[in-house]
1. Hey, among the residues in the stretch 153-211 that are among the hydroxyl-bearing types (Ser, Thr, Tyr) and touching a Pro at 6+ places or on another chain (Cβ under 9 Å), which one's farthest from Trp135 (Cα to Cα)?
2. Count, please, the residues in the stretch 25-58 that happen to be part of a loop (DSSP other than H, G, I, E, B) and either within 15 Å of the ligand (Cβ to nearest atom) or modelled with pLDDT of 90 or more (or both).
3. Under 6 Å between Cβ atoms, at least 6 apart or on separate chains: pull out the pairs that start in the stretch 143-169 with a residue that is under 17 Å from Lys198 (Cα atoms) and end on any residue that is among the polar types (S, T, N, Q) and surrounded by 14 or more Cβ atoms within 10 Å (Cβ to Cβ).
4. Tell me, which residue of the stretch 6-24 that is modelled with pLDDT of 90 or more and within 11 Å of the ligand (Cβ to nearest atom) is farthest from Gln100 (Cα to Cα)?
5. Of all residues in the stretch 174-208, how many are aliphatic (A, V, I, L, M), in a helix (DSSP H, G or I) and closer than 13 Å to Tyr141 by Cβ?
Amino acid sequence: MHDSVLCNVTRCKRNIAQHPACTICGAPEEDTLHMIRDCCVARRVWNRLGTSKHMRNFFQGNLQTGLMRNLYNNTQEKAEIWKTYFSLTCWWIWRWRNCQVLGRGQDIPYNVGAFLKNGLRGANYIAWKPQTHGWYIRNTYGTPKGSPGPSGGGGIIRDTNGIFVSAFTTNFGMGMTFKAEMKAVIQGLRMAKELISKLEVQSDNQAVVQGLQ
Ligand SMILES: [Zn+2]
């Protein structure tokens, strides 16, 4: 959404590439939309996925419009499933083209739909849901690089409508995952205490949730 994927156009702007052209098909500009929609690799994937029934005008307009139509549309049947497939497809296109560019040969499956479905088997669907009126939601995350290793974390507070209220990122020093997660929770509570009174705390770490109960 922020168009910050490291394609050649972005690399050129950051002076870490010499030209913005697509390494695979030779198109003059390899931007995000080219990578996930217009390049021959992307076209092959979308064609094999065969999603014309669900695809919301993705092949017209700019990147923002295409993403919004397919990720934030709740009107069609099985909208949540399509959003997941759409996001996964974009990610795999990114991976497959990187493999091709780096010469690590990972073939695109003939049946892309079955491949994605297989990867989702047993997956748990989670999503951010708005809180009741007057309440705020705080999500935090903490992790080390290594176990133990230098750790850090961050958190964000949003209001009933998902609107940003406040956020933090910080360095926690050496530690393990649980310690980093708990430090992020505590840091988030300190931040929330100064701002609001009704808060729901959310975490994706089961041990942390159990530790707080
Ligand atoms: Zn291309």
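The values are calculated or read from the model by the stated rules, or taken from the named source; none is laboratory data. The shown structure was predicted, so the numbers you read here are calculated from the model rather than taken from an experiment. Ideal geometry is used to build each Cβ from the backbone, glycine not excepted, and the neighbour counts take in all protein chains shown.
1. Among them, the one singled out is Thr177.
2. Step one: filter the stretch 25-58 for residues part of a loop (DSSP other than H, G, I, E, B), giving 25-31, 39, 50-58.
Now drop any that are not either within 15 Å of the ligand (Cβ to nearest atom) or modelled with pLDDT of 90 or more (or both), which leaves 25-31, 39.
The total comes to 8.
3. Partner pairs satisfying both residue conditions: Gly155/Thr140; Ile156/Asn139; Ile157/Ser166; Thr160/Gln131.
4. So the residue we want is Ala21.
5. Of the stretch 174-208, the ones aliphatic (A, V, I, L, M) are 174, 176, 180, 182, 184-186, 189, 191-192, 195-196, 199, 201, 207-208.
Still in the running and in a helix (DSSP H, G or I): 180, 182, 184-186, 189, 191-192, 207-208.
This time we only want the ones that are closer than 13 Å to Tyr141 by Cβ, so: 180, 182, 184-185, 208.
Total satisfying the criteria: 5.
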